[in-house]
Amino acid sequence: MIAALGPIIEDEDADVVLRCQRGETDAFEVLVERHQKRMLNIAYRMLGDYEEACDVAQEAFLSAYRSIRSFRRQAKFSTWLYGIVLNHSKNRLKQIAGRSRHETRSIDDPIELKNGSVSRQVADCGESAADELEKQEMEKAVQRCIDALEGEYREVLVLRDIQGFSYEEIGVMLKLPEGTVKSRLFRARAVLKDRLVEVLGDRL
Amino acid sequence: MTCKDVEILLAALAEGVLSDQENHAIESHLRSCASCRKALADLRKTGETVKGLGQVDPPPWLKTRVMARVREEAEQKGFLRKFFYPLHIKVPIQALATVLIAVVAWNVYKTGEPEYKQIVPPAAVQEEQRVKTSGESPNIEKPAPETKRETASKTGISEQRDFAPPAPRREGQTELPKTVIPERAKADEAASVATPGTPGTAAVPVKDGEAVGGVSAVGPSEKKEAMPYPSGQPKQKTRDAAAGAYAAKKQAAPAAAPPALSKAGQAGTAPEMTLRVGNAGEASDVIENEVKRLGGRISEKQTSENRIILTARIGMDRVEALRTKIRSMGDVRESFPDTMRSGAGGDIIRIEIRQD
């Protein structure tokens, strides 16, 4: 599944992007069609909420359209585009964090601990639960653990381990040197492992 | 190597980014440490779990909504780009506004100029006049009316030129040296020749025939020939010519243009002002009142169909105030000599009021 989403070798979007830059509005539809799934998935893994992710993806596409004339082909268009959705996601996270401070907390919200936060909701341990249901619960739990990661760990983990981008691409998107991307990623994996062990125990 | 050191390196192990030395150290540690072996196992499982996370599919409305907003924005942008694009339009609009303001301001200033002059109290004008005349250089005064005339309308200038030449011709009744005839007068002469002849002008058939084509067709030689006409002949023709209309009027009323006045500008002649207004009678009353107000008097008043000629006697120091007043009343042509002629009751000024 991930293999299909591996790094794109050449910029297949170049022609369509050029048409957009010349003012062909319809050409942008091609780009939306091509990239909407990945855009949505990046936003979804960053935010952990489907509705929010759809909203953010939409905003990211719009802001890409507005600034497409300033795209100078120094990177692949997709890398540039995913950088935009990543920034929108991070901004949305800040907004949500600001909002949640004023809202009552759900009993399912992660508990803040000294060494980080842990999801309070524990997967159903019932042996009789269907595999599919268990898988869904498992995914929810993993997503909660990802959500609990600090922003800078979360983005590298999402981009590398979930979306499968190369270190180089991630470096371009985050405007970070590759070395920094790697060290953050290793740290993110270690933290996530601890969380998952804590939450899932033997089921990991 | 402690468990803490190993834990940090474990995540990098799978990436293959560690040196051989580090790899060896980790392997030897793992053989002896069960907790680190579990940590590595958990890390691998975590990786698998994360990679196994499913993908979500975009809702069908996502693309539709994005494109709807993109198209909406494209239309707006196209409109806005035309009118408000920062670099291409804003600056020109500002520049245009600046130019417009400058033009309006200039027009307001120009149209308001006569009023400003009126606003200046007569005393101040007199004071200014006194300062000028006390220098005992009457020539200083001359540029003022001259300049005024220059700024007047084109017709004003041409008429002024027409104004002077006919008199000497009438006086001399002889051929004039062509060098002293102004350019314009030459043209008028030529124009009059070009005009289709009236019964009275049949005496000069050659010129009429040649010059019918227009003024521009009249060569220098013809002009030369046109000059020696007996005085009566050109007078008659000039009256018929449109270009010489003003001169014709002048000649039609000889009383209005005595030879002395035609020599305006020469020392010892009376200054003269010609005012063109809509209502000559009304203007005459205003000027008469103004003369009285300034301590002068009207010594003579000639009234004919469309003109009134006033001869005013007024103190030398009040002349400027009177001139200012008359200038404000309508289109004025002035002819002031270098030295003003002083009569018994002060300076004599001839004011001709023409009704258009």
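The values are calculated or read from the model by the stated rules, or taken from the named source; none is laboratory data. Please read all numbers here as calculations on a predicted model, not as lab measurements. Neighbour counts run over all protein chains shown; Cβ positions are idealised from the backbone, glycine included.
Would you please name the residue that is farthest from the chain's Cα centre (by Cα), looking only at residues in the stretch A:20-30 that are at the interface with chain B (Cβ under 10 Å from one of its Cβ atoms) and part of a helix (DSSP H, G or I)?
Initially, the stretch A:20-30 is screened for residues at the interface with chain B (Cβ under 10 Å from one of its Cβ atoms), giving A:20, A:23-26, A:28-29.
Remaining after also requiring part of a helix (DSSP H, G or I): A:20, A:28-29.
Values: A:C20: 26, A:F28: 23, A:E29: 22 Å.
Among those that are at the interface with chain B (Cβ under 10 Å from one of its Cβ atoms) and part of a helix (DSSP H, G or I), it is A:C20.
Residue check: is B:T2 on the phi < 0 side of the Ramachandran plot and facing chain A (nearest Cβ under 10 Å)?
Values: on the phi < 0 side of the Ramachandran plot: yes; facing chain A (nearest Cβ under 10 Å): no.
Criteria not met by B:T2.
Scan the stretch A:29-68 for residues that are surrounded by fewer than 16 Cβ atoms within 10 Å (Cβ to Cβ) and touching a helix residue (DSSP H, G or I) at 6+ places or on another chain (Cβ under 9 Å) and jot them down. Even if it seems obvious, please write down each step before you answer.
Residues of the stretch A:29-68 that are surrounded by fewer than 16 Cβ atoms within 10 Å (Cβ to Cβ), as a first pass: A:33, A:50-51, A:63, A:66-67.
Hits for the stretch A:29-68 are A:E33, A:Y50, A:S63, A:R66, A:S67.
Is it the case that the stretch B:6-21 has a residue that's among the β-branched types (V, I, T) and at pLDDT below 80?
Yes: the stretch B:6-21 contains one or more residues that are among the β-branched types (V, I, T) and at pLDDT below 80.
When the stretch A:36-50 is examined, which residues are found to be closer than 15 Å to B:R65 by Cβ and either outside any helix (DSSP H, G or I) or more than 7 Å from every other protein chain (Cβ to nearest Cβ) (or both)?
A:M39, A:A43
Select, from B:L40, B:L62, the only residue that is within 9 Å of another protein chain (Cβ to nearest Cβ), surrounded by 15 or more Cβ atoms within 10 Å (Cβ to Cβ) and touching a Leu at 6+ places or on another chain (Cβ under 8 Å). Spell out the reasoning first.
Numbers: B:L40 fails: within 9 Å of another protein chain (Cβ to nearest Cβ).
Criteria check complete, one pass: B:L62.
Could you list all residues from the stretch B:47-59 that are assigned to a helix (DSSP H, G or I) and facing chain A (nearest Cβ under 7 Å)?
Looking only at the stretch B:47-59, we keep the residues that are assigned to a helix (DSSP H, G or I), and these are B:47-51.
Answer for the stretch B:47-59, where residues must be assigned to a helix (DSSP H, G or I) and facing chain A (nearest Cβ under 7 Å): B:G47, B:T49, B:V50, B:K51.
Any residue at all in the stretch A:182-189 that is more than 18 Å from the chain's Cα centre (by Cα), farther than 16 Å from B:L43 by Cα and without any contact (Cβ under 8 Å) to a residue 12 or more places away in the chain?
So in the stretch A:182-189, the residues more than 18 Å from the chain's Cα centre (by Cα) come out as A:183.
Going one step further and asking which of them are farther than 16 Å from B:L43 by Cα, we end up with none.
No, because not a single residue in the stretch A:182-189 is more than 18 Å from the chain's Cα centre (by Cα), farther than 16 Å from B:L43 by Cα and without any contact (Cβ under 8 Å) to a residue 12 or more places away in the chain.
Got a sec? Which of A:A53, A:A4 is at pLDDT below 90, closer than 30 Å to A:D194 by Cα and assigned to a helix (DSSP H, G or I)? Outline the logic, then answer.
Values: A:A53 fails: at pLDDT below 90.
Result: A:A4 is the single residue among A:A53, A:A4 that is at pLDDT below 90, closer than 30 Å to A:D194 by Cα and assigned to a helix (DSSP H, G or I).
For the stretch A:172-183, give me each residue that is more than 9 Å from every other protein chain (Cβ to nearest Cβ), in a helix (DSSP H, G or I) and surrounded by fewer than 21 Cβ atoms within 10 Å (Cβ to Cβ).
First pass over the stretch A:172-183, keeping only residues more than 9 Å from every other protein chain (Cβ to nearest Cβ): A:172-181.
From what is left, the residues that are in a helix (DSSP H, G or I) are A:172-174, A:178-181.
If the condition is that a residue be more than 9 Å from every other protein chain (Cβ to nearest Cβ), in a helix (DSSP H, G or I) and surrounded by fewer than 21 Cβ atoms within 10 Å (Cβ to Cβ), then A:V172, A:L174, A:E178, A:G179, A:T180 are the ones that fit.
Specify which of the listed residues (A:E168, A:E127, A:E155) is at pLDDT below 90 and of a type in the set (D, E).
Numbers: A:E168 fails: at pLDDT below 90; A:E155 fails: at pLDDT below 90.
One residue alone meets the criteria, A:E127.
Can you pull out the residues in the stretch A:148-162 that are closer than 18 Å to A:L196 by Cα, more than 11 Å from chain B (Cβ to nearest Cβ) and assigned to a helix (DSSP H, G or I)?
A:G151, A:Y153, A:R154, A:E155, A:V156, listed by residue number.
Could you please give the count of residues in the stretch B:75-127 that are at pLDDT 85 or above and within 14 Å of chain A (Cβ to nearest Cβ)?
0
Suppose we filter the stretch A:190-204 for residues that are aliphatic (A, V, I, L, M), without any contact (Cβ under 8 Å) to a residue 12 or more places away in the chain and in a helix (DSSP H, G or I); how many remain? Give the derivation first.
Step one: list which residues in the stretch A:190-204 are aliphatic (A, V, I, L, M), which gives A:190-192, A:196-197, A:199-200, A:204.
Then keep just the ones that are without any contact (Cβ under 8 Å) to a residue 12 or more places away in the chain; that gives A:190, A:197, A:204.
Narrowing further to those that are in a helix (DSSP H, G or I): A:190, A:197.
Summing the residues that are aliphatic (A, V, I, L, M), without any contact (Cβ under 8 Å) to a residue 12 or more places away in the chain and in a helix (DSSP H, G or I) in the stretch A:190-204 gives 2.
Tell me yes or no: at least one residue of the stretch A:69-82 is within 11 Å of chain B (Cβ to nearest Cβ), exposed (fewer than 12 other Cβ atoms within 10 Å of the Cβ), at pLDDT below 80 and over 15 Å from the mean Cα position of the chain (by Cα).
The initial filter retains those residues of the stretch A:69-82 that are within 11 Å of chain B (Cβ to nearest Cβ), namely A:69.
Now narrow it down to the ones that are exposed (fewer than 12 other Cβ atoms within 10 Å of the Cβ): A:69.
Add one more test, that the residue is at pLDDT below 80, and what stays is none.
Checked the stretch A:69-82: no residue is within 11 Å of chain B (Cβ to nearest Cβ), exposed (fewer than 12 other Cβ atoms within 10 Å of the Cβ), at pLDDT below 80 and over 15 Å from the mean Cα position of the chain (by Cα).
For the stretch B:20-37, which positions are of a type in the set (G, A, S) and either touching a Lys or Arg at 6+ places or on another chain (Cβ under 6 Å) or more than 14 Å from chain A (Cβ to nearest Cβ) (or both)?
B:A25, B:S28, B:S32, B:A34
Suppose we filter A:F165, A:F186 for residues that are of a type in the set (F, W, Y) and either surrounded by fewer than 19 Cβ atoms within 10 Å (Cβ to Cβ) or within 11 Å of chain B (Cβ to nearest Cβ) (or both); which single one remains?
A:F186
Yes or no, residue by residue, for (1) of a type in the set (A, V, I, L, M); (2) more than 17 Å from the chain's Cα centre (by Cα):
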position: A:R34; (1), (2): no, yes
position: A:A43; (1), (2): yes, no
position: A:E52; (1), (2): no, no
position: A:A57; (1), (2): yes, no
position: A:L62; (1), (2): yes, yes
position: A:G98; (1), (2): no, yes
